[in-house]
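Engineer: Below you will find the structure I want to go over with you.
The values are calculated or read from the model by the stated rules, or taken from the named source; none is laboratory data. Note that the coordinates shown come from a computational prediction; the quantities given were computed from them, not determined experimentally. Quick reminder, even Gly has a Cβ in these numbers, built from the backbone with ideal geometry, and neighbours come from all protein chains shown. Only protein heavy atoms, including side chains, enter the accessible area calculation; ligands, DNA and RNA are left aside. Shrake-Rupley method; radii C 1.70, N 1.55, O 1.52, S 1.80 Å.
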Amino acid sequence: MSNTPQMPRELSDRVLCGIFIMPTLGVLLLMVAYPFISLLYYSSLSFSVLRPLVPARDMGLLNYELLLTDPDLWQRFIFTGKFVFLTVTVQFILGITVAYYLQRDFRARDFIFTLFMLPMMLCPIVVGFLWRYMFNSEWGIVNVIIAAFGGTKLDWLGVADNAIIAVVIADAWMWTPFVILLATAAFRGIPKNLHEAASIDGVSAAYRFFRITLPLSMPILLIALLLRLIDAFKQYDLFFALTGGGPGAETMTVSFEVGKIAFKYFYTGQASALAVILLIIIVGLSMVFVRYLNNVGKEQ
Amino acid sequence: MGIRSHLAATTMLASSVLMMTGAAKAETELTFVWHAGTCADAIVDIAKDYPDKSVKIVPALVPYGPEWHGKIAAEFAIQGDGFDFAMWDSQSTAEFAGGGHAHSVNDIFSSSDILNKDLFKPASLARYGEYPDGSGKFWGLPVNQDAYGFMYRKDLFEDPEEKAAFKAKYGKELAPPQTYQDARDIAEFFTRPDEGLYGWGQMGGRDYDFATTASNSFMWSFGGELYNPETYEVKGYLDSPASIDGVQFYVDMFDYGPKGSGNWGWDEVNAAFQQGKLAMAMQWYYFNGSNSDPSVNKFADKTGFGNLPGAIGRDGKFRRQFSVGGQGMGINTYSKKIDELTKFMEWYFQPAQQKRYAAVCQTGLKEVLESPEWQGLNSYNKQFAQALQYTNDYWHLPEYAILLDQLQEEISNAVSGKKTVKQALQDAAQKHERTLMAAGYEIKRSDNSPEVPDQMIDPVGMDKVVPLAFD
């Protein structure tokens, strides 16, 4: 019999857990907590990283107040909301329609599916420049096609109403494949016997789609919706390359505004405050969706 | 193989690796940031002949536009030495020197036996490196001078039928314009959308400085000003009647360009001209090399170059003022290789190297600029030598990038028709004053706002049109 004192089993497990968790916790602290706390701190200052000779001033919550009372910023929020609504709606209508047809097995299905996925694999800034040339009012392919059908050439990027349509087209072209990907996976994951039983009962295709396919795919479609909403909300590259935020500031999103304040104006304190505001919005939006998603999961 | 052989081979391998590492360490890399293009390629090419083979010039090139300014600013923001020197826009000197990021060129002048102020024209040195204005403190050397220029289709201007038709319609000879008023008539004459031909091409894009370098050229020529550098007043200057006249004229000129040209950058202007869609265009001298190259521009042999027109302002005075372009070579104060860089600059700014550079771009070295050999090298160098006296610049203030973006936004609003020119300039003036006040400037408000601000700030108005020659 050994004389070595035994550690209580429960405590020993806790210590072990702690030891195992510590590296991850350390990384998390370093990668998430530290930048976040720094961000909060910077948001209370007036300073610029590009002007180190000018001392930082304590602003308290004044940066937030200045931002939230700035009518220009509210315009950015309104535009961002309009853009997010339009682009995500287009992506879901097109994505679900295409996925509905791609869920079936047919010849060359995999080839067509791969072709559909290609835009998503491109770098957003490349997509922006690509569409910028295609939307060129004088020699862009879009206007050439419109003119070939007898239409009038449009000034796509120089007029505010046209510019938002142009950006939605470019964004939808790039990200509809993502919706197709997830929707196809969701549709194909539904047990075939449900559709077979419905067919035997003489149910129409539309009824089957709305009462079987869509409800059973809802958890995955909601995840797709959440990801697309967040992604569209923080879209930056496409606007940078395609419109530069113009004409005027007509296509300037909130993310574009953060980029501008942070890396063009180098108002570091104000940019930090805006980043905090954006973070709160995105986290809030995500929480609503995750809760809804959980409820849907429980119901099913 | 025995153990001894193994040891011997390992020792030899280790020695070779060490020697190679040693050799690699002996090589000093001097990295520079610039926008990609002919001139950056020229520097890299010339640098290959730098006698000290242990020094290698490494380009870190970015596209022209916001990425270029952003790359330099981001490195300075972290006080990093990711590059050793950079070519930055003339107006950025205040921003980077004011932030304490640029190494003093005065220090280089005092320590070098070769580099000194006399190598450059005082105006060039001031434009591309002085901050604050008139202080004698320099933070950059004029490495690549540039100015907003003009190009036109000589075949159209010299066509007897066109000349006769123009004279019949406007009662004057068809010739490259000396004033914007003439340019408007000619642009109107050549605007024939059915034939795919337009009279005038200019930049109006929201990006970087695309719209404002063009609109400023009009504004200054009509006697307007961006602000009063003595009192820091913007209201009453930027939105003065003369400034509005100039910007309104600029906006109206889009009527003689292709639909949608209000969103163009330099790339689109070049493309439209090279495709034969434009009779005249505003374009930087920087691009004359490619626009006179038949492999790039199918109308190269029919393209004439010159300086931009002036304008007769509301006070009856003639002014010819256009945006300065080009870049100064600034040194990153955080670089650990300033001694090696100074030696390279001493070699690079000698006439032999600058002549090679000037064969494709515009040097800042006085000796080369003034030489008849360089001025006769192509059809536009002679005009460029004249252009420098007509150039004007943005604000030389550390807040330049913010002021620029605000003005870009408002000029873009005027171009797109969202706001009238007057409203856009009033809004820009208000934003500018807010920015200046936030940065700590005291705005000393005068009782009267000038109708033509140029009459108060370094007046350049002439009683009659002073014509310049064209190619």
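Engineer: Only protein chains counted, 1.4 angstrom probe. Which residues of the range B:250-269 are at least 50 Å² less accessible in the assembly than when their chain is isolated?
Structural biologist: Correct list: B:259, B:263, B:268.
Engineer: Using Cα pairs under 8 angstrom and six or more residues apart, how large is the relative contact order of the range B:227-306, in percent? Don't skip to the end; give the middle numbers.
Structural biologist: Working: 43 pairs, mean separation 12.6, N = 80.
After rounding, I find 16 percent.
Engineer: Please list 3J(HN,Hα) in residue order for the range A:238-251, calculated via the Karplus relation 6.51 cos²θ - 1.76 cosθ + 1.60 where θ = phi - 60°; whole Hz, with x for glycine and proline.
Structural biologist: Once θ is set to phi - 60°, the couplings for the range A:238-251 become 4, 5, 4, 7, 7, 10, x, x, x, x, x, 10, 5, 10 Hz.
Engineer: Let me ask something else. Near the amide H of residue B:120, under 5 Å away, which other amide H atoms are found, from residues 5 or more places off or on another chain, if H is placed in the peptide plane?
Structural biologist: Sorted by chain and number, the residues that satisfy this are B:366.
Engineer: Here's a follow-up. Quick one: net charge around residue B:91, please, counting Lys, Arg +1 and Asp, Glu -1 for every other residue with C-beta under 10 Å from its C-beta.
Structural biologist: -3
Engineer: Another question, then. For the range B:120-165 and the range A:51-129, write down the distance between their C-alpha centroids in whole Å.
Structural biologist: 41
Engineer: Could I ask something else about it? So what's the Cα pair-distance distribution over the range B:315-471, bin width 10 Å, in %?
Structural biologist: Answer for the range B:315-471: a P(r) of 8, 22, 28, 25, 15, 1 percent.
Engineer: Please list, by residue number, every one of the chymotrypsin sites (Phe, Trp or Tyr not before Pro) in the range A:93-191 that is coil in DSSP and has at most 12 other beta-carbon atoms within 10 Å.
Structural biologist: Answer by residue number: A:106, A:149.
Engineer: Please list, ordered by chain and number, the residues whose modelled amide H lies under 5 Å from the amide H of residue B:197; skip anything fewer than 5 residues away on the same chain.
Structural biologist: Placed amide hydrogens put B:192 under 5 Å from residue B:197.
Engineer: So which aspartates and glutamates can residue B:235 reach, going by Cα to Cα under 16 Å and dropping same-chain residues fewer than 8 places off?
Structural biologist: B:225, B:245, B:410, B:427, B:433, B:442, B:447, B:451, B:454
Engineer: Hey, got the average number of other protein chain Cβ atoms within 10 angstrom for residues in A:237-249?
Structural biologist: On the way: counts 0, 0, 0, 4, 1, 0, 4, 11, 6, 14, 14, 15, 9.
Neighbouring Cβ atoms belonging to other protein chains average 6 per residue here.
Engineer: Still on this structure, I have one more. Distance check, please: which entries in B:56/B:277; B:71/B:298; B:366/B:422; B:317/B:382; B:117/B:336 exceed 32 angstrom between their Cα atoms? Could the numbers behind the result be given before it?
Structural biologist: On the way: B:56/B:277 43 Å; B:71/B:298 35 Å; B:366/B:422 41 Å; B:317/B:382 26 Å; B:117/B:336 24 Å.
Distance filter (> 32 Å) returns B:56/B:277; B:71/B:298; B:366/B:422.
Engineer: Could you grab the relative contact order for the range B:359-468? Cα pairs under 8 Å, six or more apart, rounded to a whole percent.
Structural biologist: For the range B:359-468, the relative contact order is 13 percent.
Engineer: Taking H placed 1.01 Å from N in the peptide plane, check which residues at least 5 places from residue B:284 or on another chain put their amide H under 5 Å from its amide H.
Structural biologist: Sorted by chain and number, the residues that satisfy this are B:149.
Engineer: Total Lys pairs in the range A:70-299 closer than 30 Å by alpha-carbon, pairs eight or more apart in sequence or interchain only?
Structural biologist: Lysine pair count for the range A:70-299: 7.
Engineer: A further question on this structure: When Lys and Arg each count +1 and Asp and Glu each count -1, what net charge do the other residues less than 11 Å away from residue B:203, Cβ to Cβ, add up to?
Structural biologist: So the environment of residue B:203 carries a net charge of -3.
Engineer: How would B:361, A:17 rank on accessible area, largest to smallest, probe 1.4 Å?
Structural biologist: From most accessible down to least: A:17, B:361.
Engineer: Name all residues of the range A:73-108 having a backbone nitrogen under 18 Å from the label point set 7 Å from the Cα of residue A:118 along its Cα→Cβ direction, giving them as ranges.
Structural biologist: A:108
Engineer: Please list the radius of gyration and Dmax for the range A:195-242, considering alpha-carbon atoms only, with Å as the unit.
Structural biologist: Radius of gyration, then largest Cα-Cα span, for the range A:195-242: 17.6, 54 Å.
Engineer: Determine how many Å³ per residue the convex hull of the Cα atoms of chain A encloses. Kindly include the intermediate steps, with their values, before the conclusion.
Structural biologist: Details: hull volume 78.1 nm³, N = 300.
So the per-residue Cα hull volume is 260 Å³.
Engineer: Just the number, please: percent antiparallel of the DSSP beta bridges in the protein assembly as shown, rounded to the nearest 5.
Structural biologist: Given both bridge residues lie in the protein assembly as shown, the antiparallel proportion sits at roughly 65 percent.
Engineer: Quick one: Debye curve from the alpha-carbon atoms of chain B only, equal weights, vacuum; give me log10 I(q)/I(0) at q = 0.08, 0.12 Å⁻¹ to two decimals.
Structural biologist: Taken in order of the listed q values, log10 I(q)/I(0) reads -0.50, -1.06.
Engineer: So how exposed is residue A:212, as accessible area in Å² (1.4 Å probe, rounded to 10)?
Structural biologist: 30
Engineer: How many Å² of accessible area per residue for the range B:216-336, probe 1.4 Å? Can you show the working numbers first?
Structural biologist: Working: 3150 Å² over 121 residues.
Solvent-accessible surface per residue comes out at 26 Å².
Engineer: Could you give me the ³J(HN,Hα) list for the range A:185-201, computed from phi with Karplus coefficients 6.51, -1.76, 1.60 and θ = phi - 60°, whole Hz, x at Gly and Pro?
Structural biologist: So the Karplus estimates, Gly and Pro as x, are 4, 5, 5, 6, x, 6, x, 5, 5, 5, 5, 5, 5, 5, 4, 4, 6 Hz.
Engineer: Right, something else. Which distance in nm do the two modelled labels at residue A:220 and residue B:114 give, with both placed 7 Å along the Cα-to-Cβ direction?
Structural biologist: Distance between the two pseudo-spin positions: 6.8 nm.
Engineer: Just the Cα atoms of the protein assembly as shown: what Rg and Dmax do they give in Å?
Structural biologist: 31.0, 122
Engineer: How far is it, in nm, from the label point at residue A:139 to the one at residue B:314 when both lie 7 Å from their Cα along the line to the Cβ?
Structural biologist: So the label points at residue A:139 and residue B:314 sit 4.0 nm apart.
Engineer: Right, another one. For chain B, take the longest principal axis of its alpha carbons; what is the angle in degrees between that and the long axis of helix B:160-170, to the nearest 10 within 0 to 90?
Structural biologist: Around 50 degrees separate the two axes.
Engineer: Among B:174, B:96, B:114, flag the residue with its Cα farthest along the positive direction of the charge dipole of the range B:66-178, charges on Cβ as +1 for Lys/Arg and -1 for Asp/Glu.
Structural biologist: Going by the charge dipole, the pick is B:174.
Engineer: Across all directions of projection, what mean area in square nanometres is found for the Cα convex hull of the range A:1-155? Before the final figure, lay out each step's value.
Structural biologist: Numbers: hull surface 95.5 nm².
The orientation-averaged projected area of the Cα hull of the range A:1-155 comes to 23.9 nm².
Engineer: Have a look at the range A:165-204 and give its Rg and Dmax from the Cα atoms, expressed in angstrom.
Structural biologist: 16.1, 46
Engineer: Please work out the Cα center distance from the range B:246-299 to the range A:149-219, rounded to the nearest Å.
Structural biologist: Using only Cα atoms to place each centre, the spacing works out to 42 Å.
Engineer: Quick one: Karplus J couplings for the range A:275-282, per residue in order, coefficients 6.51, -1.76, 1.60, θ = phi - 60°, nearest Hz, x for Gly and Pro?
Structural biologist: 3J(HN,Hα) across the range A:275-282, in whole Hz: 5, 5, 4, 4, 4, 4, 5, 5.
Engineer: Tell me the accessible surface of residue B:35 in square angstrom (1.4 angstrom probe, heavy atoms of protein chains only), to the nearest ten.
Structural biologist: 10
Engineer: Can you tell me the relative contact order of chain B? Whole percent, Cα pairs under 8 Å, sequence separation 6 or more.
Structural biologist: Worked out over chain B, it gives 23 percent.
Engineer: Let me check I've understood the local charge: for residue B:301, count other residues with C-beta under 10 angstrom from its C-beta, Lys and Arg +1, Asp and Glu -1. What total comes out? All intermediate terms of the calculation are to be shown ahead of the outcome.
Structural biologist: Values: positive: B:154, B:298, B:302; negative: B:155.
Cβ neighbours under 10 Å give a net charge of +2.
Engineer: Using square roots of five times the C-alpha gyration tensor eigenvalues, list the equivalent-ellipsoid semi-axes of the range A:142-300 in whole Å, biggest first. Don't skip to the answer; put the middle values down first.
Structural biologist: Working: eigenvalues 294, 138, 19 Å².
Taking √(5λ) for each eigenvalue gives 38, 26, 10 Å, largest first.
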